[in-house]
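The values are calculated or read from the model by the stated rules, or taken from the named source; none is laboratory data. Note that the structure is predicted; figures quoted are calculated from it, not measured. We place every Cβ from the backbone using ideal geometry, glycine too, and count neighbours over all the protein chains shown.
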Amino acid sequence: MEVNCIALGEYQANCYVLCDRTTGEGVVVDPGDCNNQLLSLINLSGIKTVKYILLTHGHFDHIIGVNLLKEHFPNALTAISEPDKICLKSVEHNLLGEKYADVFEEIKADIILKDKDLIKIGQSTLKVLETPGHSRGSVCFISEKDKFVITGDTLFYLTAGRTDLDGGDDEQLSNSIDKLMLLDDLFAVYPGHNKGTTIGSERKRNRYLRHRDFYKL
Ligand SMILES: [Zn+2]
């Protein structure tokens, strides 16, 4: 599976475009906007059909391009976890805030993601891993075959997602990162913001893991 990335929107959330080259089926993860650059990236990736729009969580900077993207790919199915589904309807929960209540268009969830769900894209498969902590319903997407994990705002280069927003929980985030650390060192990490990394590098150098282990002493 080929993976391409484009940072979108005011908060430069990483949107990932995944294509199974053998079939031309593709997936867009976390469209924080839908501009011409995203549409040409989808095109250049060799995608003939966007099968799914997958959401790692419901914060507005990861979801705000969904409806526009669906205008271009009306058959794409939008998938999010049950706890974060409410973010697709509520500016309070997706953190856009009340001042945007009149302009925010609700987003329809077609599929509810659960732990260990397998998402087929052509001959490739992504596995869902529930990783709450940054939000109630954060999930990661794992490709065992291509050895990568899309971590949303759960795990970043050298650090981890914030837990001070609605639904955030330190202990849950800690457990979620432990689950990610079960992956082997070679897994590429494609985070929701900033640059990519690997599980091996984060195991050694991640500030969040170091501080957490320090406090456990
Ligand atoms: Zn977030």
Answer yes or no: is there a residue in segment 108-122 that is crowded, with 20+ Cβ neighbours inside 10 Å, touching a helix residue (DSSP H, G or I) at 6+ places or on another chain (Cβ under 8 Å) and either at pLDDT below 95 or under 28 Å from D20 (Cα atoms) (or both). yes
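From the list G9, G24, which one is within 16 Å of the ligand (Cβ to nearest atom) and either surrounded by fewer than 21 Cβ atoms within 10 Å (Cβ to Cβ) or not β-branched (V, I, T) (or both)?
On the way: G24 fails: within 16 Å of the ligand (Cβ to nearest atom).
None of the other options fit; the residue is G9.
Let's see how each residue does on (1) assigned to a loop (DSSP other than H, G, I, E, B); (2) hydroxyl-bearing (S, T, Y); (3) crowded, with 20+ Cβ neighbours inside 10 Å:
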position	(1), (2), (3)
P31	yes, no, yes
L38	no, no, yes
N43	no, no, no
T56	yes, yes, yes
N67	no, no, no
P74	yes, no, no
Find the residue count for segment 31-59, including only residues that are in contact (Cβ under 8 Å) with a residue 40 or more places away in the chain, in contact with a Leu (Cβ under 6 Å, 6 or more places away or on another chain) and either of a type in the set (G, A, S) or closer than 27 Å to T163 by Cβ (or both). 1
Answer from I47, I80, I63 - the residue that is crowded, with 18+ Cβ neighbours inside 10 Å and either over 13 Å from the mean Cα position of the chain (by Cα) or more than 15 Å from the ligand (Cβ to nearest atom) (or both): I47
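Sort through G192, G168 and tell me the only one that's surrounded by 15 or more Cβ atoms within 10 Å (Cβ to Cβ), touching a helix residue (DSSP H, G or I) at 6+ places or on another chain (Cβ under 8 Å) and closer than 30 Å to N67 by Cβ. It would help to see each step written out before you state the result.
Details: G168 fails: touching a helix residue (DSSP H, G or I) at 6+ places or on another chain (Cβ under 8 Å).
Only one candidate passes the filter, namely G192.
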Looking at (1) aliphatic (A, V, I, L, M); (2) at pLDDT 95 or above; (3) out of contact with any Phe, Trp or Tyr (no Cβ under 6 Å at 6 or more places or on another chain), which is the only condition V103 fails? (2)
Under 6 Å by Cβ, and 6 or more places apart or on different chains, what pairs join a residue from segment 132-152 that is closer than 23 Å to D166 by Cβ and touching a residue at least 12 places away in the same chain (Cβ under 8 Å) with one that is of a type in the set (F, W, Y) and more than 13 Å from the ligand (Cβ to nearest atom)? I150/Y16; I150/F141; I150/Y190
